[in-house]
Each structure stands twice: as C-alpha cells, then as structure tokens.
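Colleague: Pasting a structure here, questions to come.
The values are calculated or read from the model by the stated rules, or taken from the named source; none is laboratory data. In this text the structure is predicted, and so the values were computed from the model without any measurement. Cβ coordinates were reconstructed from backbone atoms using ideal geometry, including for glycine residues, and neighbour counts include every protein chain displayed.
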Amino acid sequence: MKFLEDMDCAFPKNLQEALKLMADEKSRGRPIAGGTDLMVQWSSGVLPMPERAIDLSGLPELKGVSENTDSVVIGAAVTHAEMRRSPIVQVHLPSLAQAAATIGGAQIQARGTIAGSVANASPAGDLGPSLLITNGRVVVASKAGEREIELAKFFLGYRKIDLQPDELIVRFILPKIHAGCRESFRKLGPRAAQAISKVMGSYRGSAKGKEVKDFAVALGSVAPIPIRLPEFEQWIVGKEIGKKVLDEAEQRVAAMIKPIDDIRSTAEYRQWVSGRIVRGFLEELVAE
Ligand SMILES: Cc1cc2nc3c(=O)[nH]c(=O)nc-3n(C[C@H](O)[C@H](O)[C@H](O)COP(=O)(O)OP(=O)(O)OC[C@H]3O[C@@H](n4cnc5c(N)ncnc54)[C@H](O)[C@@H]3O)c2cc1C
C-alpha cells in the first residue's frame, strides 16, 4: 500500500470495541495512538503500511492520570504534554515528568503517548529509564482479559515487547517516590532541544547524610533495551559519597555497559557519558 488515504482505519469508541476488533485476524489492525512514530515509519518505508489501523485516540479507558496510596496510574494514551503538566506526575514521578518534557517539541509532546513510546521500543525512547526505576508494572488487555507484567520484563529485546497480536497496552501502574527519596532524569543529545538521545538515564534513591541508603538507576540508548544496573545498585548502597567513591562509581558504570557505535554516537563516548551521568546522580543524591 502506497498512500495513507488508501489505508482503512477503524475508530472504536471504547476499549471493549477495540479489543473485539483486535481479537479477530480479519478485523485486526495496527494500533495507532499519536502516530508520531508510525507516520514517520510508514512514510519512510521503515515499516510497510498496513491494510488497516485501529485508532486508539477515542478510547476513554486509555486516558487520564490518577493516584492511589502508593502508585500513580497512567492511561496508555496519556500524552507527553499531559505527563509533564500533571501535578500528580510532577510530585510523585518527577523523573518521568522531566523525561516527557524533553521529548521532541511541543507538537510531538501533544500527540505522542506513553504507550506509543513503550510499544515502539526504541533503545533511544526517553521514557524507559524513568519507568524502570519505579519498579512499575504495565497492564495489557485482550478480549480474554487483562495481564499485568513487570516493566523490567516487558522490554524483551530490540524493538520487541511482551505483547501478543490481539493485546493492547491499557495502563501503567508506577509506585510513587517515597518521602525522603530523590529522583531525576538526564539526557545527552547533540543539542539541548529536539534531540534524539545519545545516552539518557534516571535514578531514584535516598541518603542519610553522605551515606547511600537506596539507589535505583537505569540507562537508555546503551543497549537494545533500557537497562537497570543491579550490581552497581548493590555495590553503592552503604557507601559514603566522596571523591574516591565517585571516581570508582564512574569507572564501574562505564565498564559495566556494552553500548554500540551507531550514527548518533560511539560506544566509547556512551560509556564515558554513562559514568558521568551516574556520578552526577550520586552527587545530587547527597547534596544539601
Ligand atoms: C520529530 C520527532 C521527534 C521525536 N523526539 C523524541 C524524543 O526526543 N524522545 C523520544 O523518546 N521520542 C521521540 N520521538 C518519538 C515519539 O514521539 C514517541 O516514541 C511517542 O511517544 C510515540 O507515541 P505515539 O502515541 O505517537 O505512538 P504511535 O506512533 O501511534 O505508535 C507507536 C507504536 O506503538 C504502538 N501502540 C501505540 N499505542 C499502543 C497501545 N495502547 N497498545 C499497543 N500498542 C500501541 C503502535 O502500534 C506502534 O507500534 C520523536 C518523534 C518525532 C516524529
């Protein structure tokens, strides 16, 4: 198929209607939310245009940000603009709010969605690290019912997630940052705005004085999927942050990751920057 206007598009009004379409191979189509990835992939030929798309933008079940005692619940079709502006996300998931604010420009943030970013599963997707540090879960649904999966297990490989052809991502359940914890997001690209990341990272942690009590850290664009650094996290807990520990931390992170050279950066630069990013996170964690 050559032209967008030749493609059939279904506009289900609710999740049940959408899942019914997805359940049957004859009525199934490519789910489309903001279209910011798909439109580019179709027009550039990276992905063949499908016979049919299923527009998810009218599904009320995929919208909205809410909170319960411990977690924030974000609908699959919540946009980057909604996340960066949501007081709930800003207060309880500050790294995610910061990451959403760095994605593309205002137009992309107004259309692009959290589920679209996760399902696109690009190693350079900026939300991955901020999602992983929460130990959060994703809920997917098919006509047969819902499945809840740890986000750490949802990213399977390069552009591959644990989603069946008849399933849709419905919402994300993301544990809130605890009182006394800090978290933030850092992205390095070729320029300050409208840039695809060379490396990006997020941390969530707490400290007593200079001593690290908890530390979760995740990096993106350094592997086929966003990654946590569990060995490093274990090593740093209990350490007093000072120059010697920071130097060793920086070296350990750089040695731990195995990035690749590609058009955006070199493996060597990515290793060095990753060490610097994590060093900066540790300095921030124990800052007065
Ligand atoms: C100019 C430009 C700049 C960009 N800059 C950045 C950037 O700085 N950082 C960054 O991370 N990204 C960037 N992006 C990528 C893009 O905006 C994001 O990945 C966006 O979040 C995708 O969401 P979407 O709703 O538009 O997805 P779509 O294009 O609609 O879909 C993307 C994929 O997700 C699937 N999908 C969508 N919703 C669901 C669902 N509920 N269930 C199952 N599958 C679903 C689709 O089938 C498709 O495979 C940029 C894109 C452009 C065009």
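For (1) surrounded by 12 or more Cβ atoms within 10 Å (Cβ to Cβ); (2) small (Gly, Ala, Ser), each residue gets a yes or a no:
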{"site": "Glu17", "(1), (2)": "yes, no"}
{"site": "Lys26", "(1), (2)": "no, no"}
{"site": "Gly29", "(1), (2)": "yes, yes"}
{"site": "Thr36", "(1), (2)": "yes, no"}
{"site": "Leu47", "(1), (2)": "yes, no"}
{"site": "Ser57", "(1), (2)": "yes, yes"}
{"site": "Val65", "(1), (2)": "yes, no"}
{"site": "Asn68", "(1), (2)": "no, no"}
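Colleague: If you don't mind, another one. From the set of residues in segment 74-119 that are more than 8 Å from the ligand (Cβ to nearest atom) and assigned to a loop (DSSP other than H, G, I, E, B), which is nearest to Asn135 (Cα to Cα)?
Modeller: If we take residues in segment 74-119 being more than 8 Å from the ligand (Cβ to nearest atom) and assigned to a loop (DSSP other than H, G, I, E, B), then Leu93 is nearest to Asn135 (Cα to Cα).
Colleague: Another question about this same structure. Quickly run through segment 124-147 and pick out the residues that are over 21 Å from Arg204 (Cβ atoms) and either at pLDDT below 95 or in contact with a Lys or Arg (Cβ under 8 Å, 6 or more places away or on another chain) (or both).
Modeller: Within segment 124-147, Ala124, Val139, Val140, Ala141, Lys143 meet the criteria.
Colleague: Hey, another quick one. With respect to Ala53, is the statement that it is in a helix (DSSP H, G or I), crowded, with 17+ Cβ neighbours inside 10 Å and within 12 Å of the ligand (Cβ to nearest atom) true?
Modeller: So Ala53 fails the test.
Colleague: For segment 220-286, give me every one of the helices (runs of 4 or more DSSP H) that falls completely inside it and has 3 or more residues that are in contact with a Gly (Cβ under 8 Å, 6 or more places away or on another chain).
Modeller: Because the criterion is at least 3 residues that are in contact with a Gly (Cβ under 8 Å, 6 or more places away or on another chain), the helices (runs of 4 or more DSSP H) in segment 220-286 that meet it are 243-256, 267-285.
Colleague: Additional query: Among the listed residues Glu25, Glu17, which satisfies the condition of being over 27 Å from Gly128 (Cβ atoms), of a type in the set (D, E, K, R), outside the structural domain of Arg147 (by TED's automatic domain parsing) and not in a loop (DSSP other than H, G, I, E, B)?
Modeller: Exactly one residue qualifies, and that residue is Glu17.
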